[in-house]
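The values are calculated or read from the model by the stated rules, or taken from the named source; none is laboratory data. Values in this document were obtained by computation on a predicted structure and should not be read as measured data. Cβ: placed from backbone, ideal geometry, glycine included. Neighbour counts: every protein chain shown.
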Amino acid sequence: MEALSFEGTAKTPSVKFNGQEGIIEIKGRSIPENSIEFYKPLVEWLEEYSSTPMDLTQVNVQLEYFNTSSSKCILDVFKKLEAIHKGKSEVIINWYYEEDDEDMLEAGEDYESIIRVPFKMIEIVE
Amino acid sequence: MSFDVNEYYSNLNGGEVVMAFKGDISSELISNVLEVVEARMDEYSESSKIRKKVYNVLVESLQNLYHHIEELPEGMHEEYGLKFGILLVSRIDNRYKISTGNFINHGKIDVLRNKIDKINSMSRDELKDMYKFILNHQRLSDKGGGGLGLVDIARKTGNNMEYTFEKYDDTYYFFNLDVYIDFIK
């Protein structure tokens, strides 16, 4: 299936979803006033990918900022990944946070406690 | 005498003003404010920890305004525009203060007051549980609001929110919300 790719903007993250490699990346800032529109194609892409996922899907989430409107949409993305993980293929979510950004680490832990997919918390040291 | 917005705005002071605005709260305005405040925090050489907290709380404060602001009746358009709000970011002693203000229909005051009082009374762990519950169980509104803004602000600041409701006329009150971010936490 075709890859999904967006450049980042001041309010939306860069997105690289590669179905052939099973690598999914979301990076940057996610602070649009209404995040539904932005995340809709991501959720739809995952819906399609879930019919023929790779044996291992690696998810890299590296957000500098995200707002509460995005937080629900990110949960929707993770729920799609949870459904893939419930099938026969494996999913790992790598949650990146900058050194001393406890809020971002805690946000990752919040998701980890809701979503049944293995999370790896990765501290970025400058 | 009824509440005077301009007088109120000019009296919002104390400390060093980082950014002040009154007028229409649009998506573009929010982008501009964020850019300016980010540049100012660079000038102050704030630690990345403070910078992030202020930025996050500012995003939620502005987007709360954006999502919840009352569309004012025609009689008030001329003076205030359609979606009037105020914002003041200041640096006082060893904390940042973010003040926002907007008109609110008097019928909505009780619900809002109860919500803030409840959030203020909650412990860190209770706030975390409340955040996760809303995140997992409540749908986004069509405008993209999630009902999480105030809970998120309380979690990130660790401080109580302060508020006032000033009577403007029989229908409208002016709601002011102050949130504080401490330098050392």
Checklist entry - Could we say that A:Glu64 is in a strand (DSSP E or B), touching an Asp or Glu at 6+ places or on another chain (Cβ under 8 Å) and surrounded by fewer than 16 Cβ atoms within 10 Å (Cβ to Cβ) here? => result no
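Residue-by-condition table, conditions (1) more than 10 Å from chain B (Cβ to nearest Cβ); (2) modelled with pLDDT of 95 or more:
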position	(1), (2)
A:Thr12	yes, yes
A:Glu21	yes, yes
A:Leu46	yes, yes
A:Leu63	yes, yes
A:Ser69	no, no
A:Asn94	yes, yes
A:Glu106	no, yes
Checklist entry - Looking at segment B:101-116, which of the residues that are surrounded by 13 or more Cβ atoms within 10 Å (Cβ to Cβ) and without any contact (Cβ under 8 Å) to a residue 40 or more places away in the chain is nearest to B:Asp169 (Cα to Cα)? => result B:Lys108
Checklist outcome for this item: Within segment B:56-85, residues modelled with pLDDT of 95 or more and of a type in the set (Val, Ile, Thr) come out as B:Val57, B:Val59
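Residues of segment B:78-100 being of a type in the set (D, E, K, R), touching a residue at least 60 places away in the same chain (Cβ under 8 Å) and outside any strand (DSSP E or B), which ones?
Once the filter is applied, which keeps residues that are of a type in the set (D, E, K, R), touching a residue at least 60 places away in the same chain (Cβ under 8 Å) and outside any strand (DSSP E or B), segment B:78-100 yields only B:Asp93.
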Checklist entry - Is at least one residue of segment B:24-40 touching a strand residue (DSSP E or B) at 6+ places or on another chain (Cβ under 8 Å), more than 30 Å from A:Ile124 (Cα to Cα) and either of a type in the set (Ser, Thr, Tyr) or not in a helix (DSSP H, G or I) (or both)? => result yes
